[in-house]
Amino acid sequence: MTNSNFFLLSPLLSGNLIMSDLTKFLSESLMVWLIIQVGLTLIFFWYLETYKQPSNSQLPKTAVILCLRGADPFLPHCVRSLLNQNYPEYDLKLIIDSREDPAFKIVQEVINETGAKNIQVSILKTVRHNCSLKCSALIQGVSDLDESYQVVALVDADTIVHSNWLKELVSPLMDGTTGVTTGNRWYVPTGKYWGSLVRYTGNISTVIQMFLFQIPWGGSLAIKKSVIQETQLIEKWEQVLSDDIPMHKILQKQGWKIKFIPSALIINREEINLSELLPSLQRLILCSRLYHPKWLALICEAVSSIVFPGLIILLTLGMLLVTEGEKVLSLVQSYSLYTLGLLLLILVTQRRIEKIVYQQEQPITEISLTTIIKMLIAIPLTQLVYGLAILSSISTSTLTWRGITYKINDKGNINLVAYHPYQWLDQPTDPKMSL
């Protein structure tokens, strides 16, 4: 070979080596991340299997606070379930955004239907402009409680609880070191919208992350009233967008534990389309960026779950254009194995959660072959949608939540731009659609 030919071939050989190394690195990284995900899921399973629900005959008087803006799809079922608790002494406190709110009429109909006496409805008195509307409502609800209440339970309008929910949530608080108990939401995978399936797929890893990092979920949560006072939680709520994510850091400073309660895992059957899912994810990711104690760990997880698979897809498409058949086959095999591994992990996790659902005497979700095939498509679609949500949330300084726009300057500077009551015209056309 002449020197001139060598110099001509040298860049090609170098390029091939780089592509081979990159192909190997991405394939191996994907397999390593799959193994890590399996390991984290097994830790979650181990906790579900070994958790023992404490039994306490002496349960403190509890206030259950539900903040409402808009009529969530299953709001009547939510209120009825909260009024049907197997708990000795509790009151349901509803703070509704305004009398014009669609939720007000629905709540009044449920009260008239049930004849419940342990429910009080209040209208939001003060709209604070340096926190979210939900935080304003929570501040009002907690501040109005008298000294007889020792525990406060928080719940969202998309939460339909079983009859022992409050008892199983409050009982572990009798442990002197536990300040907060929490569950989480679990979406069903049989929705008619692709957004519903993408949200279900992404939420599985979210539930496990929140369990591992001890991040509470405000839709199914109980906290000692003394802990609220000791940690000055009300003062913290006055300047934040999220009511639950900041709790981890606040309680950790005072040495309080946050305990995940498996039976407080709540099934959510609402629907959402892709166009509505993206802003919803942007809000959740933005709140995590502002308040999550392990934000950098979440970024690393995003790189592994989104960037590596995305690079493999892009690299595969690029190699197809230059007919790198052997490397393309290697990448396709790695990505297919990874996707099938995730699918199997999803199905096994779903089966384990169904054991909890069965104990709650709720209907089990039957997953058809068609749904399983759609999941194979939903996995890469989830990676794409979550990637877009993360990228857009990094630079955003405003968000809209239930018709209200907030401007975010930094963690301690939230500005509610303009308030207006929620109207019937703001309701989604699909009665099962999330707000």
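Annotation for the range 369-435: chymotrypsin sites (Phe, Trp or Tyr not before Pro) lying in DSSP loop with at most 14 further Cβ atoms inside 10 Å of their Cβ do not exist. Applying the criteria of a DSSP loop state and at most 12 other Cβ atoms within 10 Å to the GluC sites (Glu not before Pro) of the range 144-243 yields Glu147. Tyr90 contributes an accessible area of around 20 Å² to the protein surface, as traced by a 1.4 Å probe with all chains present.
Over the range 60-165, accessible surface divided per residue gives 37 Å², non-protein components excluded, 1.4 Å probe. Count Lys and Arg as plus one, Asp and Glu as minus one, and take only other residues whose Cβ is under 12 Å from that of Lys257; the net charge is then +1. Using the structure shown, select from Lys125/Lys236; Lys192/Lys236; Lys52/Lys134 the pairs with a Cα to Cα distance greater than 31 angstrom. Exceeds cut-off: Lys192/Lys236; Lys52/Lys134. Across the range 221-228, coupling constants 3J(HN,Hα) worked out from phi with the 6.51/-1.76/1.60 Karplus curve, θ = phi - 60°, read 8, 10, 9, 5, 5, 5, 5, 4 Hz, and Gly and Pro carry x.
Take 364-370, 293-299, 29-35 and order them by the average number of nearby Cβ atoms within 10 Å per residue, most first; the result is 29-35, 293-299, 364-370. For the chain, the alpha carbon positions stretch 94, 46, 44 Å along the principal axes, listed from largest to smallest. Taken as entire DSSP H runs, the helices of the chain that both span 24 Å or more between Cα atoms along their own long axis and average 1.6 or more on the Kyte-Doolittle scale are 369-395.
Each Lys and Arg contributes +1 and each Asp and Glu -1, all at the Cβ; summed about the Cα centre of the range 194-311, the dipole is approximately 380 debye. Summing +1 for each Lys or Arg and -1 for each Asp or Glu among the other residues whose beta-carbon sits under 11 angstrom from that of Thr178 gives +2.
Charging the Cβ of each Asp and Glu at -1 and of each Lys and Arg at +1, and nothing else, the dipole of the chain about its Cα centre rounds to 380 debye. Sparse packing (at most 15 other Cβ atoms within 10 Å of the Cβ) combined with a DSSP loop state is found for the following trypsin sites (Lys or Arg not before Pro) in the range 160-266: Lys192. Can you pull the percent of the chain's accessible area that's carbon plus sulfur, 1.4 Å probe, other chains left in place? So the carbon and sulfur contribution to the accessible surface is 59 percent. Say we join alpha carbon atoms closer than 10 Å with springs in a Gaussian network model of the chain; which of Leu94, Leu221, Leu145 then has the biggest fluctuation? Taking springs between Cα atoms under 10 Å, the residue moving most is Leu145. As a length-normalised measure over Cα pairs under 8 Å and 6 or more apart, the relative contact order of the chain settles at 22 percent. Within the chain, DSSP assigns beta bridges of which about 40% are antiparallel (rounded to the nearest 5). Ordering 356-363, 131-138 by mean Cβ neighbour count within 10 Å, with the highest value first, yields 131-138, 356-363.
The values are calculated or read from the model by the stated rules, or taken from the named source; none is laboratory data. Remember, predicted model here, so these are calculated numbers, not experimental data. All Cβ positions, even for glycine, are placed from backbone atoms using ideal geometry, and neighbour counts span all protein chains on display. To get the accessible areas, we keep the full protein, side chains included, count just its heavy atoms, and leave off ligands, DNA and RNA. Shrake-Rupley method; radii C 1.70, N 1.55, O 1.52, S 1.80 Å.
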